[in-house]
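No value in this document is a laboratory result; all are computed from the given coordinates. Note that the structure is a prediction, hence the values are computed from the model and not measured. Virtual Cβ from ideal backbone geometry, glycine too; neighbours counted across all protein chains shown.
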Amino acid sequence: MTTVPATPTASSLRTARRRDRRVYTRSHPVLFALLAAARRRAVTRIGGAVLVHGTEPYRQALTRLPLDRTAAGTTGGAARELSCGGTLFDQEGAGHRAGRRALAEELGAAGVERLRPVWRDVLARRLAPLGAGRDVDLVPLAREVAGATVRALLRTTGEPEEIAVAASAAAAAAVRDHLPGPRRPGSARAAAAAAARLEGLLAPAHGEAAEPALRAMLAVAAVNTTVAALPRAAAWCADAGLWEQAADDRLRPTLVGELLRVTAPSPLLPRVAAADAELDGCPVRAGDRLILVARHAARAHDQPPDVHRPAPPALARLVFGTGPHTCPGARLARAQLDDTLASLAPHRPTVQRARVDRGAALPGWRSLAVRAAEARRSPEDR
């Protein structure tokens with residue numbers, strides 16, 4: 001007889017959403033209050049910035065609007081400033097396409113399967129204490145998963161934890177280039193020093209050809225999205241009562257897609273328009289700063305995860321960009337979250353303690369301690 005996993009209650013979904021909102025309201029309270037107030041309109045201009053919330057305008061901005069990849073305040077601009085150019089994020093034309101193709105091959109189906117044993121080993125070792133009734137902090141686990149994966153992907157010799165910490169520091173130091181507002185004094189020097197440390201840890205093994213800037217930016221992207229996404233998704237499962245769905249091999253892939261949509265690990269994509277255009281009736285001028293709100297475009301703010309009525313794939317995948325700006329690491333992210341949920345589900349863990357990381361580049365937890373559900377019961381109750 002097949003058991004149908006329970007559907008989460010409205011109350012449990014509210015609890016999960018309330019906890020998850022804390023990573024936004026406590027890390028960047030002013031920015032996300034502004035975004036929440038402006039989301040009633042699909043596109044809103046505030047001075048020289050254009051906030052894009054609507055699904056279709058977001059898609060059009062990434063597929064039809066010419067973008068300046070090297071402008072200050074964009075991902076590519078930060079990459080060029082920190083590494084003197086030459087990275088996937090600020091290349092133009094044929095160089096950009098060639099770089100993306102090479103990375104897509106590394107992170108294709110075969111590449112992900114090559115890397116899978118790396119993070120599965122981390123999950124098995126790090127989650128073993130749950131079986132003994134002890135708490136496990138999922139943030140250090142996510143850091144090691146990310147660092148070990150980057151180490152294997154780039155075939156480097158750095159220690160996973162050091163790689164992850166350095167990548168987080170580099171992203172945090174550079175994040176002010178991506179968000180509205182003035183820089184703090186010395187932020188450029190701090191960002192450059194963090195990037196240099198990361199590049200040193202990513203020196204290739206066995207004398208392989210090295211592209212330090214590209215390797216560093218790949219590590220920054222992989223580490224920060226993983227550390228943001230995995231603990232948040234686990235907290236959603238614990239608070240919303242989704243562990244039965246996570247344990248179901250048929251439903252888990254859909255749950256993974258829904259959780260990635262709702263957590264939107266990279267909630268904002270900062271870009272700069274390279275030509276005049278129009279988005280949903282709002283004029284866009286060359287040089288305007290675009291704040292593409294992936295979280296709102298994918299309806300993460302008002303459509304909770306639902307494996308029985310999931311969002312259309314074209315909508316859910318917007319958190320990874322779209323068209324030529326699709327994140328090449330999407331398959332890797334899905335595989336890592338799938339394995340993490342499958343490893344956690346037998347324990348049905350509950351959240352014991354959670355603390356927001358106020359200094360991280362992406363909204364996330366500084367610590368998220370969980371405990372197996374059975375461990376909360378006394379021997380007399382078992």
- Message: Within 10 Å of each candidate Cβ there may be at most 15 other Cβ atoms; applying that plus a DSSP loop requirement, which trypsin sites (Lys or Arg not before Pro) in region 4-45 survive?
- Response: 26, 40, 41
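Based on the Cβ-Cβ distance from residue 125 to residue 33, what FRET efficiency comes out when R0 is 45 Å, to the nearest 0.05? Can you show the working numbers first?
Working: r = 40 Å, r/R0 = 0.90.
About 0.65, to the nearest 0.05.
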- Task: Evaluate E = 1/(1 + (r/R0)^6) for residue 366 and residue 152, where r is the Cβ-Cβ distance and R0 equals 22 Å; express this FRET efficiency to the nearest 0.05.
- Result: 0.25
- Query: What do the square roots of 5 times the Cα gyration tensor eigenvalues come to for region 251-318, in whole Å, largest first, as semi-axes of the equivalent ellipsoid?
  - Reply: 30, 11, 9
- Query: Gain in length, residue 63 to residue 11, computed as 0.36 nm per residue apart minus the alpha-carbon separation, to one decimal in nm?
  - Reply: 14.9 nm
